[in-house]
Structures are given as C-alpha cells and as structure tokens.
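Below is one structure, written out as structure tokens; comments come after it.
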Amino acid sequence: MSARDGTSSILVIGGTKAGKTHYGGQLLRRLLKGAGTLKTLSPPSDLTPFQEVLERLAVGKSASHTPSGTYKESIWHLGSKDEALETNLVWPDYAGEQIEDIVKLRQVPELWVNRIRESDGWIFFVRLKTVRAPEDVLTRPRVKARMSTGEEAPLSEDLPPLEPSARVSVSTQAGLVELLQALLFVKQANFSVRLKKPALVVVLSCWDEANVKKSAEKWMPPAELLRDRLPLLSQFVNSTWQEDCVEVIGLSALGKALLDDKGDDQFMDEGPERQGWCVQNDGSQNADLSLPIASLMRRIVPNEE
Amino acid sequence: MDTDIGCTLETCVDPEEVGCNRGFLLEECQYRKQARLNKLGSPAETTEVKPDQSPESNNSDRHLRLPWTGNSLGVNDLELVTASSRTDLVGIVGPYNAGKTTLLTLIYLLLQHGEKLNVGEFSGSLTLSGWENLAANLRWQPGETGPRFPPHTSRAAGRQPGMLHLSIRENEGHRRDFLLTDPPGEWFSIWAQKESAEGAEGARWVQNYADRFFFLVDREALASPERGKARDALKDLARRLSVHLHGRPVAVVWTKSDIDIPESIEKDLSECFLTEFPNQPQFKIQVRFGNQSRELVEEPCLALMNWTFAPERRSDTPLPPITTVDRDDLFLSYRGKGITQ
C-alpha cells in the first residue's frame with residue numbers, strides 16, 4: 001500500500017516495551033469515539049490485535065508484552081475532521097524484538113523489507129526510561145592512577161547497577177541511530193541530501209516516567225528533550241531529514257504507569273479515553289492522541305506520478 | 001574446500017578470529033555449515049549445499065543482509081563508503097602509547113554528548129559498534145572497575161589499519177564521509193627508522209593514502225627518564241612524514257597535555273615541527289581526571305575536529321585501492337571484535 005493509490009502506509013517502529021501496544025489501544029478508542037483531529041471513516045478491518053489491550057486498560061491494568069512471533073495488521077481508514085487529510089493507516093502489531101533483531105542479527109526479514117519499502121512515513125518510538133546514557137570519563141572523571149592501572153574502584157566511585165532494560169549491547173543511543181540507518185538502507189533512501197521521504201515522527205513515549213519538569217503549564221519541547229537526553233540520535237535525525245519532514249512529539253499514552261496484576265481504580269473509573277496525552281512541539285500538553293499520526297500524515301510527500 | 005578455517009567462502013579469512021565475512025552469527029552462516037559438513041568426511045561434490053537453496057533459506061525465511069557489520073572497516077569494506085561519495089582519510093601517526101586510540105574515543109564521546117561542531121552535524125556512521133567498543137573503555141560499566149585507558153592497538157601481522165567511519169552533514173547540506181585510521185604505534189617507530197622496513201607496510205599505507213594527518217606527540221614520554229630518546233624518535237618520525245606530504249595538512253596533537261615537560265624539549269620540538277610542518281596548527285589534548293575545565297578538555301578536541309572536518313580541506317590524494325584478499329593475511333579483513341555485550 002502506498003501513496004500511489006491515494007492512500008499512505010505508516011509504519012510504527014519501536015523496540016521492546018517502547019509503548020506501541022498501549023498507544024495503539026488508546027488511539028483506537030479515541031478514533032472510534034471521534035474525539036481528536038482524526039476519526040475513523042469506516043470501522044477498522046480487524047480489531048482483534050487490540051482486543052486484549054482494550055480489555056486490560058478498561059480495568060486499569062497494563063497490557064502484556066506482545067508475543068515475539070506475532071505480526072498482525074489492522075487497516076484503519078482515517079480522515080481529519082476538516083476533511084483535508086484522508087488515509088489508510090496500516091497499524092501493525094508486533095513484538096519489539098523483531099525490530100531489535102535487525103541491528104542485532106544484521107539482517108532484515110523479507111516481510112519487513114517489503115513493509116519498509118512500501119511505507120511512506122514512520123512513527124519511531126523511543127522510550128526515554130530505557131535509554132540511559134552511560135557515564136564516561138568526561139561526565140564522571142576518575143583519578144589518573146586508576147585509569148592507568150585499572151585498579152579496583154573504591155566504594156565512592158561505584159555506580160548502582162543499571163536496570164536490566166537499560167543494559168544493551170551497543171549503547172542504546174547508538175543502537176537507535178544504527179536502526180534508523182538500517183531502515184533507511186532497506187528503504188534505499190538517498191542520504192546525500194536531506195530526506196523528504198519517508199516522513200518521520202519521533203515519539204518520545206512514556207513521557208510521564210521520563211522525569212521531565214513542567215513549568216507554567218508547559219513541558220520542555222520534545223525536540224529539546226531529545227537533544228538533551230539523546231544528542232547523537234537528535235543530531236542524526238536533524239542532519240538526515242529535511243526540517244519540514246520530521247517532528248518530535250511527546251506521548252504518555254496512559255497518563256500514568258499501570259501494573260499488569262493490579263487494576264488502577266481511578267484509571268478504570270475515569271475511563272481510558274480520558275487518560276493519556278501528547279506533548280506538542282511547543283511543549284503544550286494536548287489530550288488528542290491522534291496528533292502524532294496527523295502530524296506524520298501532513299508530512300508525507302505524495303509520490304510523483 | 002579449505003575447511004581448516006571452518007568456512008567454504010573464498011573471501012572468508014578467519015571467522016573465529018575476525019568474524020564472519022558475510023556478517024552472520026557464526027552458527028548461522030551457511031558457508032560455515034557447509035564447511036562442517038565437508039569436514040565430517042563426505043566428499044564436497046556430493047554434499048555441496050548451495051547456500052541460497054539450503055533448507056534454512058526458503059522463501060518464508062529470506063533476509064536482506066545489511067552490508068556493513070558496524071565494526072571497524074578493513075580495506076575490503078572501503079567500497080561501502082567510497083562507492084557513493086568522496087571520502088577523506090585521516091591518518092593518525094604517532095609512536096606506541098601516544099594516545100591514538102584514546103583520542104579517537106574522545107572524538108566519539110564528544111559527539112555522543114551532543115557537542116556542536118562549527119562545520120556540520122553528525123550524520124551517521126557505518127562503524128558504530130567499532131566506536132562503541134572504543135568508548136566502552138572510557139565508560140563506567142555496571143559491575144566493572146571503571147574506565148581505563150584503551151588497550152594497545154594490536155600490532156598483528158597486518159598491512160593496513162582498521163578504520164572508523166563518520167559522516168558529517170555540512171552546514172550547507174552536503175554529506176561528507178571520513179575514515180579515521182587506528183594503527184598500532186609500532187608501525188611508525190619501525191618506519192621512522194627505515195622507510196622501506198618490513199613491518200612498516202601499514203605506516204607506508206597511511207602515508208600514501210591519508211588526505212590529512214594527526215601527528216601525535218606523547219608528553220608522557222617526553223617527561224619520562226627516557227625523554228631524550230623519545231624526543232629524537234619524534235623528530236625522526238616528523239622528518240619521515242614530512243618527506244612525502246605534498247602539501248597535505250598535518251595537525252600536531254600534543255596528547256596528555258596535563259603533563260609538564262622540560263621547556264627546552266618543548267621548544268626544541270616546536271621548532272622541529274615548524275620546519276617539518278610549516279604553517280600547520282597545533283592542539284593540546286587531554287582526558288579529564290578531575291575538575292579540569294572545558295577549555296582544557298572538550299574545547300581543544302572540538303577545535304581539532306573542526307579542523308579535521310572543515311569543508312574547505314579538499315584534497316586530491318588518490319583513494320586507497322580496493323584489493324582482493326590474500327587468504328593468509330588475517331589482518332586485511334579485520335573488522336574489530338564484534339559487538340561487546
């Protein structure tokens with residue numbers, strides 16, 4: 001599916017626990033209700049990939065991890081209320097390992113090759129909590145004698161162990177850059193000039209747990225937060241895409257963290273559709289969860305006939 | 001046929017040592033599986049499994065392989081970069097223990113921290129795992145003893161250095177590729193003594209193909225009891241490098257700049273560099289051990305990077321030739337140690 005037949009195909013890309021499934025469920029609920037910029041023009045082709053997450057969220061519990069072999073596609077016919085935008089959005093539901101394996105195994109399954117080549121825009125999930133930048137000698141110097149001898153560090157120099165999710169092979173920041181490079185290679189993008197296609201929206205997911213300060217009702221703008229926390233990724237994105245073909249948006253799909261074994265009464269009583277929000281590029285919070293998709297749709301350049 | 005290296009692929013050098021030539025995990029490589037089958041005693045003619053027709057690569061299991069491994073590039077990988085754009089090779093020249101690898105690591109750490117270059121922005125790298133392997137030395141790792149200086153670059157039996165790649169998007173929008181060499185210092189010590197010496201092939205290669213050079217001056221050696229010898233060796237090396245420069249730029253980089261050296265030695269060497277590398281800039285680089293200011297640590301290294309990646313610094317040095325592999329040469333296709341966990 002591509003923009004050639006009047007529709008565009010959006011690929012949702014994110015590693016394990018990046019928050020894709022929760023966002024999918026929350027977005028679908030909002031779209032069906034017609035509460036945001038976008039609404040469904042006809043019922044989604046297949047609701048089954050979202051059944052579990054919808055049911056779990058309805059009782060205030062988090063959804064379970066998508067099993068690793070899973071790939072289900074649901075096609076949503078979407079339009080904006082002002083009728084300026086209309087698209088078929090292909091929403092894939094898959095386990096994040098499939099994405100992480102691209103960098104780890106240095107190979108892309110043929111099915112993914114086709115999905116990547118046919119896509120016109122990418123929603124790229126980055127969960128800031130799982131990407132902790134390692135400290136180094138510039139940020140936390142150590143005395144020279146120990147640098148030379150590799151001698152045991154005294155307790156005062158010890159760091160608490162990283163959480164398992166933050167322990168990665170290539171530092172996560174480099175891993176994310178490598179993933180984008182791999183996807184662009186598959187997409188056969190021409191790097192020599194800044195890219196117009198595919199359009200890119202970087203979603204900083206689980207914003208509520210990223211320890212960001214809010215002042216005067218405004219958050220730090222998401223692009224600034226990306227530059228602050230993951231500068232290498234931020235530079236790569238800025239130097240690879242044309243300015244009007246990329247945006248960074250903050251997302252808290254649930255508004256708060258839920259547990260998988262104990263329901264959150266408040267969440268359940270208020271209803272999932274009243275939870276969750278996005279952070280727009282100026283730092284303002286907006287309850288419209290369709291903003292990342294709408295932003296991406298506006299940035300997709302139609303194919304030339 | 002050559003089952004002694006455990007692979008049937010002609011271009012594979014030594015998968016155990018340098019990694020799979022095609023970038024596969026060893027246990028997944030079809031060529032390696034074939035070698036194992038052959039070794040079990042069945043004649044190759046009857047057990048030959050064409051890799052593309054093996055049961056593991058049926059339609060549902062077809063993959064597109066990424067053509068780069070992420071590790072540092074060998075000469076055979078150069079076409080990945082040079083095929084699509086003019087690539088500038090930065091030759092790092094300096095004796096053993098001069099801090100060549102540490103300097104490369106600093107460059108990467110500064111980019112990782114989002115330090116801004118005047119000349120452009122980080123725009124990707126085909127050797128991110130290679131850079132990360134270097135950076136791991138200067139990072140705090142959980143459960144380990146803390147950062148320490150990178151281990152010495154192995155001298156090995158090679159003739160060309162491993163190379164790290166960086167792309168920079170210039171301010172006016174062009175993307176440029178750079179390869180930085182990470183050679184063992186012994187090459188240059190041998191080369192300084194005798195230009196055509198055996199064991200100095202790598203140094204000659206760097207001399208032939210680099211578009212610009214970092215000439216590293218180890219202040220630690222110049223403060224040691226052996227400082228007289230170190231000074232003489234540096235002068236020899238500077239003279240050797242200057243002979244065939246043909247106008248290519250050289251940055252004189254004083255490493256470990258926190259160490260004081262006798263004034264007379266500093267003056268003597270500065271004069272030598274003025275003669276051998278006239279009108280070339282000098283930089284003083286150090287790693288942070290305490291609360292040294294940005295002016296001493298980050299800024300000199302950024303200035304060096306701005307000099308290196310400056311857009312006006314075009315050169316007409318011929319590109320390194322992409323050669324076929326000598327199967328006995330383990331170093332030629334060396335691509336680093338793979339991703340560290």
message: Under 6 Å between Cβ atoms, which residue pairs at least 6 apart in sequence (or on different chains) link something in region A:189-205 that is surrounded by 17 or more Cβ atoms within 10 Å (Cβ to Cβ) with a partner that is assigned to a strand (DSSP E or B) and acidic (D, E)?
response: A:V201/A:E247
statement: Selection from region A:22-33 of residues under 13 Å from A:R274 (Cα atoms) and either at pLDDT below 85 or among the aromatic types (F, W, Y) (or both) yields A:K33
task: Look through region A:236-284, keep the residues that are in a loop (DSSP other than H, G, I, E, B) and under 21 Å from A:V301 (Cα atoms), and return whichever of them is farthest from the chain's Cα centre (by Cα).
output: A:Q242
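With respect to B:A157, determine if the residue is surrounded by fewer than 20 Cβ atoms within 10 Å (Cβ to Cβ) and at pLDDT below 90. Walk me through how you get there before you give the answer.
Values: surrounded by fewer than 20 Cβ atoms within 10 Å (Cβ to Cβ): yes; at pLDDT below 90: yes.
So B:A157 fits the description; yes.
Mind checking which residues of region B:177-211 are charged (D, E, K, R), touching a residue at least 12 places away in the same chain (Cβ under 8 Å) and surrounded by fewer than 20 Cβ atoms within 10 Å (Cβ to Cβ)?
Here is the first cut: in region B:177-211, the residues charged (D, E, K, R) are B:177, B:182, B:186, B:194-195, B:198, B:201, B:204, B:211.
Filter again for touching a residue at least 12 places away in the same chain (Cβ under 8 Å), leaving B:177, B:182, B:186, B:195, B:201, B:204, B:211.
The answer is B:E186, B:E195, B:E201, B:R204.
Consider B:G99 carefully, then state whether it is touching a strand residue (DSSP E or B) at 6+ places or on another chain (Cβ under 9 Å) and surrounded by fewer than 24 Cβ atoms within 10 Å (Cβ to Cβ). Working first, answer last.
Values: touching a strand residue (DSSP E or B) at 6+ places or on another chain (Cβ under 9 Å): yes; surrounded by fewer than 24 Cβ atoms within 10 Å (Cβ to Cβ): no.
Here the answer is no, as B:G99 does not meet what is asked.
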- request: For residues that are in a helix (DSSP H, G or I) and of a type in the set (V, I, T), scanning just region B:66-87, find the one that is farthest from B:A136 (Cα to Cα).
  value: B:T82
field: Residues of region B:269-298 satisfying the condition of being over 24 Å from B:L106 (Cα atoms) and in a loop (DSSP other than H, G, I, E, B)
entry: B:F277, B:P278, B:N279
field: Single residue of region A:68-127 satisfying the filter (within 14 Å of another protein chain (Cβ to nearest Cβ) and part of a strand (DSSP E or B)) that is farthest from A:E178 (Cα to Cα)
entry: A:Y71
task: Take A:D208 and decide whether it is outside any loop (DSSP other than H, G, I, E, B), at negative phi, surrounded by fewer than 23 Cβ atoms within 10 Å (Cβ to Cβ) and under 16 Å from the mean Cα position of the chain (by Cα).
output: yes
- prompt: Does any residue of region A:64-82 turn out to be charged (D, E, K, R) and free of Cβ contacts under 8 Å to residues at least 12 places away in the same chain?
  reply: yes
- prompt: Residue check, A:G14 against (1) farther than 22 Å from A:P272 by Cα; (2) out of contact with any Lys or Arg (no Cβ under 8 Å at 6 or more places or on another chain), all met but one. Which one?
  reply: (2)
Residues within region A:113-134 that are in contact with a Phe, Trp or Tyr (Cβ under 9 Å, 6 or more places away or on another chain) and aromatic (F, W, Y), tallied: 1
field: Every residue from region B:88-122 that is more than 19 Å from A:F185 (Cα to Cα) and part of a strand (DSSP E or B)
entry: B:D88, B:L89, B:V90, B:G91, B:I92, B:V93, B:G120, B:E121
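The values are calculated or read from the model by the stated rules, or taken from the named source; none is laboratory data. Note that the structure is predicted; figures quoted are calculated from it, not measured. Ideal geometry is used to build each Cβ from the backbone, glycine not excepted, and the neighbour counts take in all protein chains shown.
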